[in-house]
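Colleague: Let me give you the structure first, and then I'll get to my questions.
The values are calculated or read from the model by the stated rules, or taken from the named source; none is laboratory data. All values derive from a computational prediction rather than experimental measurement. Methodologically, a virtual Cβ is constructed for each residue, glycine included, from the backbone with ideal geometry; neighbour enumeration extends over all protein chains shown. In case anyone asks, the SASA skips ligands and DNA or RNA and just uses the protein heavy atoms, side chains included. Shrake-Rupley method; radii C 1.70, N 1.55, O 1.52, S 1.80 Å.
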Amino acid sequence: MQDNFSQSQTVRKPAVVSERGVVAAQHRCAAEVGAAVLAKGGDCVDAVVATSFALGALEPWMSGIGGGGTMVLYRAKEKKFEVIDFGMTSPAGLNPADYPLTGEGAASDLFPWPRVKDDRNLYGPGSVAVPGVVAGMEAAHERYAKMPWRDLVMSAAQLAREGLLVDWYTTQNIASGAGELRKYPASAADFLHDGLPPTPMWGIKAEVRLPRPRYANTLETLAAQGPRAFYEGEIAQQLGREIAAAGGALRASDLAAYKVRIGNTMAIPYRDAVVHATPELTAGPTLAHTLRLLGLWSPGTSPDASPDATAYAAYGKALQEAYRERLKDMGDADGKRALGAEHLAPSCTSHFNVVDAEGNMAAVTQTLLSIFGSKFVTPESGILMNNGIMWFDPEPGKANSLMGGKRCLCNYTPVIAQLASGSRMAVGASGGRRILPAVAQLLSFAIDYGMDLETAFHAPRIDASEGNVLIGDARFDAATHAALDAAFDYEQARVQTMPMKFACPSSVMRDGTTNSGATEIFQPWADAVAAPGS
């Protein structure tokens, strides 16, 4: 492996342990917003709503009100698990003829679809699907929240008005999308300086911020008028006009027609545990297949056992076989609601988890799909929109062919596992196609080896999402590298590099009345935060 990085550097990030509630998120400040809600007596779901909107302001290239997602909830009093699916759908009036093929090969990177003229399905207003985040938060809030909607949304409005603090990681993420962001005036105004990515100042007292006043105004309207403003009121009308004027298919009528799906989890037995995952158009069915295959392997019974080369080989074989099965079929069609070849496409996501002092728990994943989604910020409302149309095959006659009114596919798989010990674990990740391998391994670390979160999150992992190639963490010992190299088309990678070769997971766990939380140790912004208090 040839690269420029130190081979002696080590990174550690301790787990947080508390009798109070814990929020684990990809941005520390968003986790602090959610933890503050818990400290005020809010329910787990109150913290979910506040954290969701805060992440959209603090980490806008990953998620926000212009995107979609799903959540798995556990309600301790009722001992009930459920899914609130707020995934995106294609606009009803979308015309496949507006997406002609160029005949110039694949669209981009590893994306499998043929290229569409002007990449209309990848970037810009033509790539925008109907967003579901606000409706998802509305559904959860109506069912379980204790605190007013306004109070939970206003923190995000204040963060948007204050603006993104520019550090090296901000610059890195904006640079990755700058080529397309500069094509759209409102996007360039929000995220670029003179058409270039902003850079932090060297002086200790100097700072650079990227305020988003138009987005802040929209969030303040959403806070004051409630979630229906986004789908039936002032924001819906404005958003419909903006997308129509820019040439996209989304209309206010699509927003008015949008509905979340609330239902049962997919309960997956694994060893003496039960993993509650999302069904249908997520990676949940592929996780179920992976765990069924892993159930045929024995991790050993030594009390101090930890994953070795045999374990990582078992992970790799199970994941690759599950991916091969998943590639056979896909799409929003009867009998075909399983994730398929879109696992090859790069994407962005934000995952977070919440557990409160009563033991209520949530695993929440929300996304714009690609980093910065469509790269299109609406000129008046200031919303960075998703590019959900990217997930549809532009060739007609397929299960996942592009057409109006279809649900979008997705890679995410938030889960809550009930362990044999009585403990519960909420876990998920960002990283597109790499999410499933990370979630499967973290579940195995906890279920098969009894690891606590700090141990599990410092353990190296493999990735098995790139076809026949297996990627191993460079921190593996020489024997593990050699064994995997002999069994697979094997490559090593460091987890801190970008583009990342491993997912970015986070988790919370409850053992008795003790809560803990952990996040990916190499993600520079992610943190678990306990609710403050005595």
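Colleague: Residues 31, 24: which one is part of a helix (DSSP H, G or I), within 12 Å of residue 526 (Cα to Cα) and either among the aliphatic types (A, V, I, L, M) or open to solvent by less than 10 Å² (accessible area, probe 1.4 Å) (or both)?
Modeller: None of the others qualify; the one that does is 31.
Colleague: Residue 519 - would you say it is over 19 Å from residue 7 (Cα atoms), among the polar types (S, T, N, Q), touching a residue at least 40 places away in the same chain (Cβ under 8 Å) and surrounded by 20 or more Cβ atoms within 10 Å (Cβ to Cβ)?
Modeller: The answer is yes for residue 519.
Colleague: Out of the stretch 441-495, which residues are over 25 Å from the mean Cα position of the chain (by Cα) and among the β-branched types (Val, Ile, Thr)?
Modeller: The one that is over 25 Å from the mean Cα position of the chain (by Cα) and among the β-branched types (Val, Ile, Thr): 480.
Colleague: Please enumerate the residues belonging to the stretch 203-213 that are basic (Lys, Arg) and open to solvent by 60 Å² or more (accessible area, probe 1.4 Å).
Modeller: Hits for the stretch 203-213 are 205, 209.
Colleague: Just to be sure before I move on: is residue 372 over 28 Å from residue 296 (Cβ atoms), at pLDDT 95 or above and aromatic (Phe, Trp, Tyr) in the structure I sent?
Modeller: yes
Colleague: Going through the stretch 164-185 one residue at a time, which ones are within 28 Å of residue 126 (Cα to Cα) and in contact with a strand residue (DSSP E or B) (Cβ under 8 Å, 6 or more places away or on another chain)?
Modeller: Of everything in the stretch 164-185, those that are within 28 Å of residue 126 (Cα to Cα) and in contact with a strand residue (DSSP E or B) (Cβ under 8 Å, 6 or more places away or on another chain) turn out to be 164, 170, 178, 184.
Colleague: How about the stretch 407-514: which helices (runs of 4 or more DSSP H) wholly inside it have at least 1 residues that are touching a Lys or Arg at 6+ places or on another chain (Cβ under 6 Å) and either open to solvent by 10 Å² or more (accessible area, probe 1.4 Å) or of a type in the set (Lys, Arg) (or both)?
Modeller: Those helices (runs of 4 or more DSSP H) span 435-449.
Colleague: Then there is this: Before we move on, is residue 324 at pLDDT 90 or above, in a helix (DSSP H, G or I) and surrounded by fewer than 19 Cβ atoms within 10 Å (Cβ to Cβ)?
Modeller: no
Colleague: What number of residues in the stretch 214-265 are closer than 28 Å to residue 147 by Cα, hydrophobic (A, V, I, L, M, F, W, C), surrounded by 19 or more Cβ atoms within 10 Å (Cβ to Cβ) and out of contact with any Phe, Trp or Tyr (no Cβ under 9 Å at 6 or more places or on another chain)?
Modeller: Result for the stretch 214-265: 4.
Colleague: Also, I was wondering about something else. Does any residue of the stretch 80-87 turn out to be more than 30 Å from residue 268 (Cα to Cα) and in contact with a Phe, Trp or Tyr (Cβ under 8 Å, 6 or more places away or on another chain)?
Modeller: no
Colleague: Output the residue which, of all residues in the stretch 332-369 that are part of a loop (DSSP other than H, G, I, E, B), modelled with pLDDT of 90 or more and open to solvent by less than 10 Å² (accessible area, probe 1.4 Å), is nearest to residue 17 (Cα to Cα).
Modeller: Going through the qualifying residues, I end up with 356.
Colleague: Considering only the stretch 432-463, how many residues are over 18 Å from residue 355 (Cβ atoms) and in contact with a helix residue (DSSP H, G or I) (Cβ under 7 Å, 6 or more places away or on another chain)?
Modeller: 11
Colleague: Anything in the stretch 214-253 that is in contact (Cβ under 8 Å) with a residue 40 or more places away in the chain and of a type in the set (Ser, Thr, Tyr)? List them, or say none.
Modeller: Selection gives 215, 218, 231, 253.
Colleague: For the list (1) closer than 29 Å to residue 39 by Cβ; (2) touching a residue at least 60 places away in the same chain (Cβ under 8 Å); (3) of a type outside the set (Ser, Thr, Tyr), I need the number of the one condition that residue 161 fails.
Modeller: Residue 161 satisfies all of (1) closer than 29 Å to residue 39 by Cβ; (2) touching a residue at least 60 places away in the same chain (Cβ under 8 Å); (3) of a type outside the set (Ser, Thr, Tyr) except (2).
Colleague: Here's a check for you: in the stretch 61-77, which residue that is part of a loop (DSSP other than H, G, I, E, B) and in contact with a helix residue (DSSP H, G or I) (Cβ under 8 Å, 6 or more places away or on another chain) is surrounded by the fewest Cβ atoms within 10 Å (Cβ to Cβ)?
Modeller: Checking each candidate, the answer is 61.
Colleague: Kindly check whether there is at least one residue in the stretch 493-511 that is in contact with a strand residue (DSSP E or B) (Cβ under 7 Å, 6 or more places away or on another chain), among the aliphatic types (A, V, I, L, M) and over 22 Å from residue 55 (Cβ atoms).
Modeller: yes
Colleague: Also, quick follow-up: Give the number of residues within the stretch 379-399 that are in contact with a strand residue (DSSP E or B) (Cβ under 8 Å, 6 or more places away or on another chain) and surrounded by 24 or more Cβ atoms within 10 Å (Cβ to Cβ).
Modeller: Total satisfying the criteria: 9.
Colleague: Still on this structure: Starting from the stretch 178-202, keep only residues that are surrounded by 15 or more Cβ atoms within 10 Å (Cβ to Cβ), then list their pairs with residues that are charged (D, E, K, R) whose Cβ atoms are within a distance under 7 Å, requiring at least 6 positions of separation or different chains.
Modeller: What qualifies is 180/375; 181/375; 184/375; 187/375; 188/182; 190/212; 192/182; 200/167.
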